1. What residue, among those in the range 385-422 that are part of a loop (DSSP other than H, G, I, E, B) and under 24 Å from V238 (Cβ atoms), is modelled with the lowest pLDDT?
2. Name the one entry in S142, S110, S156 that is touching a helix residue (DSSP H, G or I) at 6+ places or on another chain (Cβ under 9 Å), surrounded by fewer than 19 Cβ atoms within 10 Å (Cβ to Cβ), under 22 Å from L347 (Cβ atoms) and not assigned by TED's automatic domain parsing to the domain that holds A354.
3. Test S382 against the criterion of being farther than 19 Å from F130 by Cβ and assigned to a helix (DSSP H, G or I), and give yes or no.
4. Which of the residues belonging to the range 266-306 are outside any helix (DSSP H, G or I) and either touching a Leu at 6+ places or on another chain (Cβ under 7 Å) or assigned by TED's automatic domain parsing to the domain that holds G155 (or both)?
5. Could you check M197 against (1) in a loop (DSSP other than H, G, I, E, B); (2) modelled with pLDDT of 85 or more; (3) not assigned by TED's automatic domain parsing to the domain that holds I121 and say which number it fails?
6. Which residues, counting only those in the range 251-279, are among the polar types (S, T, N, Q), closer than 19 Å to F323 by Cα and touching a residue at least 24 places away in the same chain (Cβ under 8 Å)?
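The values are calculated or read from the model by the stated rules, or taken from the named source; none is laboratory data. No experiment lies behind these values; they were computed from the predicted model shown. Note that each Cβ is placed from the backbone with ideal geometry, even for glycine, and that neighbours are counted across all protein chains shown.
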Amino acid sequence: MGGVAVDDGPTGVKAPDGGWGWAVLFGCFVITGFSYAFPKAVSVFFKELIREFGVGYSDTAWISSILLAMLYGTGPICSVLVNRFGCRPVMMVGGLFASLGMILASYSTSIIHIYLTTGVITGLGLALNFQPSLIMLNRYFSEKRPLANGLAAAGSPVALCCLSPLGQVLQHAYGWRGGFLILGGILLNCCVCGALMRPLVAPKKVEEPESQVMVTEEKKKPKAKLLDFSVFKDRGFVIYTLAASIMVLGLFVPPVFVVSYAKELGNEDTKSALLLTILGFVDMFARPICGVIAGLNWMRPRCVYFFSFAMIFNGTADIVGSFAKDYNSLVAFCIFFGISYGMVGALQFEVLMAIVGTQKFSSAIGLVLLMEAIAVLVGPPSAGRLLDATKIYMYVFLLAGCEVCLSAIVLASGNFFCLKKKPQEPEVGEMELLNKPPAENGKAGEDMEKGQKEEADKETEKEPEEKEPEVKQPENAKVDSAEVETFLKDSKEENGEVATNPETCL
């Protein structure tokens, strides 16, 4: 294992399921925490920004929306860059962008500057870190991949519990400008996480000339696609993308409105904000536990249906929570929602990896995130309009629960009915032979053998007449054992593990 500038994810390299992969997992844990928690942590500074620039809350809320839009909407761009330059350099540049955006934002003189710096530049930097980290995690883990995904996904609630209090401390001590500057320095750790993403390299061939190695590598290495749209030919990928887009419409709605719902029921601000802490604490433990369950031998082949169950669990929690009338019922809702939310977070990318495989995952995740970006921008604002029209929080939670349950039904039914494998049917000639009685089959076999013998006798009679003086075969027609060994070695590396055949061994 070594490091190079560009990593193509060679097919002949087996995932180590450990070793340096644990360092990659740690980097992915930190990046996932920054990517998902940072848009929420920035909301701590909204009151200061409203006072500084004389704008409304809806204007400052656009900062988080632009951050999420950049995180999801730039998926295809990230895929192209990863396929062109590799994961490590893309993440290093992304860390610089994320830090630069927050540093420039500390010198902003209008809310538009905040949109461009914190929203666009920092959002792009986080996107350039998030997607490559998941791609590298997929390359380093195979057997332990569900557990690795669960542990990496746990970075989101852990970072949220750390960044939000840190933002409040920085705001009181240094103001919003000093807080943005320090957060920009903290985001430089994305470059450190990017440096951990050491690409996997295929093992070198033993005692083989360099010229021959270069020729074989040129033959084996196809032209890399910057964005592989062939994933849309996979029915499983299309079903997953459709279900995920529907799910995102309602998945993020309850965490946005649960605090306001508690205040509407007459609870204090600090008591209402405690609900998000409870949700994040439960979510923190639910993700790795779900990863362990998904990695069990009897569960892993049914991971898609386990993901569907998690979505139904989440949607049902929303529907039941819509009838909450006091603080205790909201606490119970946050506990069950945190469990289901953690299950969904731990399984969503694991299922995608299982559907498309390692080679197409870099393109698949970019296209999925692009589709989800549209739903992220539509979901919470639509719920807000419904709340403005009805003034009843119950309808908002009911709508979110129905959308998530619908996505579960689409995923489970689509996989069960559209991806059911058909038994392989023998060819027409084989079917006719199988359907004939044994006697007829035997007779047909004797006739065929008899005809073959007659043709062989005719050829032997013609041989003396047509036979010319013996001509020596050219030396290049002889089989060279070295060439055979080279051919067997090449085929083994290109096609993975090849079973040893005693007839081909020399």
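1. Ranking the qualifying residues of the range 385-422, first place goes to K422.
2. S142
3. yes
4. G295, the sole residue that qualifies.
5. Result: M197 fails condition (3) only.
6. Passing the criteria: S260, N267.
This table checks each residue for (1) within 24 Å of Y36 (Cβ to Cβ); (2) among the polar types (S, T, N, Q); (3) surrounded by fewer than 24 Cβ atoms within 10 Å (Cβ to Cβ); (4) touching a Cys at 6+ places or on another chain (Cβ under 8 Å).
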position	(1), (2), (3), (4)
K233	no, no, yes, no
A243	yes, no, no, no
L251	yes, no, no, no
P255	yes, no, yes, no
C303	yes, no, yes, no
A310	yes, no, no, yes
K325	no, no, yes, no
F333	yes, no, no, no
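To keep it simple, each residue is scored yes or no on (1) among the small types (G, A, S); (2) modelled with pLDDT of 80 or more.
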site	(1), (2)
S211	yes, no
S245	yes, yes
V248	no, yes
V259	no, no
G280	yes, yes
D283	no, yes
